[in-house]
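Since the structure comes first, as structure tokens, the remarks are kept for the end.
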């Protein structure tokens with residue numbers, strides 16, 4: 001490794017760089033000596049075919065490092081440091097920022113820690129999807145490079161700084177608290193600051209709605225169209241993602257309320273943003289924050305939300321109604337088609353809905369954590385199966401059902417049942433029949449064996465296991 005990244009001459013403002021639109025996505029992250037990841041571990045962020053996965057869902061118990069992985073990814077974002085010809089590009093992990101402070105200046109990262117990411121650049125997710133299965137597929141050659149960092153000490157990159165300047169991450173911590181600071185102050189913070197501190201607030205969504213509505217009223221021509229389009233896009237997103245919200249309006253000041261306000265039409269009438277439930281407010285907070293940052297990053301784009309981006313969300317299912325949890329991934333995929341989402345979750349509903357997602361499971365083994373990039377296939381699984389197999393619950397059955405099942409098993413194990421046993425067994429069957437029995441991990445494995453056997457029978461063509469010619 002070298003002690004300094006390669007120097008960049010003729011500094012350009014990243015926001016105006018032509019390479020700002022050049023897509024950059026993660027393919028993998030390697031960590032060693034970072035908190036619970038004592039040994040070298042690799043987080044696969046590809047789709048299994050060498051291309052970046054649009055969705056990666058990281059699962060695991062509390063305290064196994066899910067947030068740590070998101071922070072490491074956020075720390076790979078490249079930033080310009082210095083001015084003029086002396087400007088250089090560093091990952092945030094190498095040159096910490098005042099806002100992120102990198103786990104309070106490396107206190108939680110060993111001095112021997114090594115963090116490395118493999119990224120691809122130059123091709124959008126939409127383009128990669130279009131080439132899947134086509135004759136053009138074999139002609140697509142991904143450009144891949146690696147960024148190696150020993151936080152605060154060494155950094156090694158290929159001479160590709162300007163091609164990689166699009167490596168920008170928008171990270172959202174579990175709190176996702178809506179801010180009260182000015183819009184300028186909020187947007188000047190690091191893109192992933194809330195991942196590192198619960199005290200970092202997101203954009204004041206109501207203030208943005210009010211200011212943009214006001215600007216659209218005052219402006220004319222192209223500027224008016226731009227403000228109005230941004231306002232319309234965000235209102236459409238919020239009306240689509242928030243259950244039971246039929247409309248959104250900007251209510252002007254009146255005698256009862258001396259200042260304008262954003263109001264949401266619900267089954268209970270028009271409600272102020274501040275009066276909405278926590279799940280509504282947190283969703284509004286990070287949706288508006290992300291959209292506004294993309295508006296700012298791609299000011300000349302016809303559709304900034306469709307431009308390339310990387311979004312990191314901790315506990316994406318937090319505060320969401322089960323119906324939201326099922327739909328959140330498909331909704332975001334449709335609205336942000338070229339965004340790579342890397343999220344953590346605890347909800348089996350999110351996992352169940354992650355049909356084409358890259359699923360990763362973190363497992364604790366002693367005093368360290370192992371990254372399992374190939375957990376059991378979960379396609380078409382029920383929620384109870386996800387709970388017992390992926391989240392490693394001993395059973396998804398109600399706890400008060402276990403004694404009944406155990407007693408039933410006891411009786412069935414007897415070689416001869418007495419009249420009293422038969423009466424008791426009948427009563428147990430009646431009680432158990434009113435409960436959803438769900439499955440244990442052993443049940444899941446047994447059903448898997450049965451399915452495999454059925455598949456063999458189906459493929460044999462004779463209805464028998466074995467060689468159909470025998």
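The numbers here are math on the coordinates, done by the rules we state, and not lab data. Predicted, not measured: the structure shown is a model, and the values here were computed from it. Here the Cβ is made from the backbone with ideal geometry for all residues, glycine too, and neighbour counts use every protein chain on show.
A few remarks follow.
- Our summary gives the stretch 203-280 a relative contact order of 23 percent, counting only alpha carbon pairs under 8 angstrom and 6 or more residues apart.
- Packing, as the average of other Cβ atoms within 10 Å across residues, places the peptides 118-129, 212-223 in the order 118-129, 212-223, highest first.
- Taken along the Cα-to-beta-carbon direction at a fixed 7 Å, the label points for residue 406 and residue 301 span 5.7 nm.
- A crude spin-label estimate for the pair residue 432 and residue 252, with each label 7 Å from Cα along the Cβ direction, gives 7.0 nm.
- Likely footprinting exposure, 24, 245, 360, fewest C-beta neighbours within 10 Å first: 245, 360, 24
- The residue 334 and residue 278 beta-carbon pair, evaluated with R₀ = 25 Å, returns a calculated FRET efficiency of approximately 0.50.
- Given R0 = 41 Å, the distance between the Cβ atoms of residue 228 and residue 127 translates into a calculated FRET efficiency of 0.85.
- Peptides ranked, highest mean first, by Cβ atoms within 10 Å: ranges 26-37, 308-319: 308-319, 26-37
- Potential lengthening between residue 240 and residue 319 on full extension [0.36 nm per residue; Cα-Cα distance subtracted]: 26.7 nm
- In nm, spacing of pseudo-spin labels at residue 197 and residue 326 (7 Å Cα→C-beta vector): 4.0
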